[in-house]
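The values are calculated or read from the model by the stated rules, or taken from the named source; none is laboratory data. Small disclaimer: the values here were computed from a predicted structure and weren't measured. Quick reminder, even Gly has a Cβ in these numbers, built from the backbone with ideal geometry, and neighbours come from all protein chains shown. Surface accessibility is based on the protein's heavy atoms, side chains included, excluding ligands, DNA and RNA. Shrake-Rupley method; radii C 1.70, N 1.55, O 1.52, S 1.80 Å.
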Amino acid sequence: MAVSTSFYGPKLEPLFIKYCSSSSSSLSYVTTHLSFFGRNRKSLVQCQRGSIIRCEASSSDNANSVSALQQLKTSAADRYTKEKSSIVVIGLSVHTTPVEMREKLAIPEAEWPRAIGELCNLNHIEEAAVLSTCNRMEIYVVALSQHRGVKEVTEWMSNTSGIPASELSKYLFLLYNKDATHHIFEVSAGLDSLVMGEGQILAQVKQVVKAGQGVNGFGRNISGLFKHAITVGKRVRTETNIAAGAVSVSSAAVELALMKLPDQASHGNARMLVIGAGKMGKLVIKHLVAKGCKKMVVVNRTEERVAAIREEMSDVEIIYRPLSEMFECVGEADVVFTSTASENPLILKEHVNELPLASEEVGQKRLFVDISVPRNVGSCVNDIESVKVYNVDDLKEVVAANKEDRLRKAMEAQVIIDEESTQFEAWRDSLETVPTIKKLRAYAERLRVAELEKCLGKMGDDINKKTQKAVDDLSKGIVNKMLHGPMQHLRCDGSDSRTLSETLENMHALNRMFSLETEISVLEQKIRAKVEQKP
């Protein structure tokens, strides 16, 4: 992903003057790339204390041309007037990014509200949400300016993870508006998952909404997007049955482990160990039981969760061992599943080197299946000949099963996603009329108040409060009745594309008739307010 490094600013000339006057050197140069002039040009602005000298790199007649700086100012102002805030997703996923990179960027669920707050403190970010799972790390924002918002979020990700932006940009993907909407709908439907149709991602999308409730910055556009994504995920699973035969990450982990066991070994003979009894650990246990496993050891920090799982699966022998006995348990196991929330590896090469070999039933080769991000098992453990370590990136083998059937269902799901994307975009487009409604009301209110003051002035000082109120109410009633028709034609529910088109045409007509576009744009107001709040 390329991130623009062009210099920018809605009020460039005052900014340059301030820059020049505050500079410690008597002479400095600022170069801007002005690609929006219709041809590639450079404007070199030479700054001296208290003055600006413009040097145009153009063959056109200087006497008949407007300065590049003035054109830039005009273009920036025009862009703010016409630009619509954008929904942007910036992220990385299991498809293109190694686990080493994903784990550095992973944000625990408890930290999502904090991340939303920090993102919305950026100058050009109005709303935000974080979707961070073992397979993906995606940031969704409403950007007041596309390019500036992307630059700010990318820098934030770099600062948060400690990864240089130049390195980070090799793995990031970037989607705007309709493409961003289509992407989160695919994610929620399970089409973008490593295991197509898996249901865990839908629960994680729901958790984004739950975590965002009451958080300043999880606003109308982003919350609406994720709530609609939940609806899409449910509809796709109901109408296509795409989840049938598909597996979650935990299920795929179990299938992978059984696939890798020697032919002569069965899961009934292999000694199973699960480290971590959280959501993922519990799912691993359930899938092991579904495959016929009747006995396993579970290592966890406390016994309460293990006891609850044992009660739920009373026909299975589940043995609890504390975390302090973890290495002893690993030495007694043939297959080890790890799924804890530890931010540092729990099992390293030096730990495993000291352990006895696995049982002869599995060829004396111990399997580690690590489904945690960050990883619980260090990659160095794979250097040991008697050990094989698998992580979430290795689950692709399991995904290959029933590929044709899932692809057919995915095509059916895409039809649903296209329909829902159109509906969501129509809803969002209908919100575009809100600024015009506000501007028109403000314009009418200014006229009303001005004329009311003139009227009351002509009526003299001896007018009583009752009469004043009657005149005031009369003026309000007239204005409200006059505005009723235009306001009705500015509102629509977004379900009818023809009605929406007419509504937008009405909006543009009212903007022209009442010169509403000449007022400071809503986007620029928001950006100014955010900048002014900075200490």
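Inspection of the stretch 257-277 identifies at least one residue that is in a helix (DSSP H, G or I), at pLDDT 90 or above, in contact with a strand residue (DSSP E or B) (Cβ under 9 Å, 6 or more places away or on another chain) and crowded, with 16+ Cβ neighbours inside 10 Å. The set of residues from the stretch 142-170 being of a type outside the set (Gly, Ala, Ser) and surrounded by 18 or more Cβ atoms within 10 Å (Cβ to Cβ) comprises Val142, Leu144, Gln146, Arg148, Val150, Lys151, Glu152, Val153, Thr154, Trp156, Met157, Leu168. Residues in the stretch 406-453 that are among the basic types (Lys, Arg) and crowded, with 18+ Cβ neighbours inside 10 Å: Arg406, Lys409, Arg428, Lys439.
All conditions but one from (1) more than 36 Å from the chain's Cα centre (by Cα); (2) free of Cβ contacts under 8 Å to residues at least 40 places away in the same chain apply to Thr302; the one that does not is (1).
Applying the set (1) surrounded by fewer than 21 Cβ atoms within 10 Å (Cβ to Cβ); (2) at pLDDT 90 or above; (3) within 22 Å of the chain's Cα centre (by Cα) to Cys380 leaves exactly one unmet item: (3).
Considering only residues that are under 39 Å from the mean Cα position of the chain (by Cα) and in contact (Cβ under 8 Å) with a residue 40 or more places away in the chain, which ones fall in the stretch 324-339? Met326, Val330, Val335, Val336, Phe337, Thr338, Ser339, listed by residue number. Using beta carbons and a limit of 9 Å, which pairs, at least six apart or on different chains, have the first residue in the stretch 460-488 and over 18 Å from Ala450 (Cβ atoms) and the second one modelled with pLDDT of 90 or more and open to solvent by 100 Å² or more (accessible area, probe 1.4 Å)? Listed by first residue and then by second, the contacts come to nothing, as the list is empty. Taking the stretch 134-148 as the range and being touching a residue at least 60 places away in the same chain (Cβ under 8 Å) and within 12 Å of the chain's Cα centre (by Cα) as the test, the residues that pass are Tyr140, Val141, Val142.
Summed over the stretch 301-322, the residues that are in a helix (DSSP H, G or I), open to solvent by less than 60 Å² (accessible area, probe 1.4 Å) and in contact with a strand residue (DSSP E or B) (Cβ under 8 Å, 6 or more places away or on another chain) give a count of 3.
The residue of the stretch 224-247 that is farthest from the chain's Cα centre (by Cα), among those that are among the hydroxyl-bearing types (Ser, Thr, Tyr) and open to solvent by 20 Å² or more (accessible area, probe 1.4 Å), is Thr238. Across the stretch 469-492, the qualifying residues are those that are modelled with pLDDT under 90 and polar (S, T, N, Q), and the one among them that is least open to solvent (accessible area, probe 1.4 Å) is Asn480. The residue pairs whose first member lies in the stretch 435-446 and is at pLDDT 85 or above, whose second member is aliphatic (A, V, I, L, M) and open to solvent by 80 Å² or more (accessible area, probe 1.4 Å), and whose beta carbons are closer than 7 Å, counting only pairs six or more residues apart or on different chains, do not exist in this structure. In the stretch 158-177, the residues that are touching a residue at least 24 places away in the same chain (Cβ under 8 Å) and closer than 15 Å to Arg148 by Cα form Cβ pairs under 6 Å with partners that are in a strand (DSSP E or B) and among the small types (Gly, Ala, Ser), at six or more places apart or across chains, as follows: Tyr176/Ser86.
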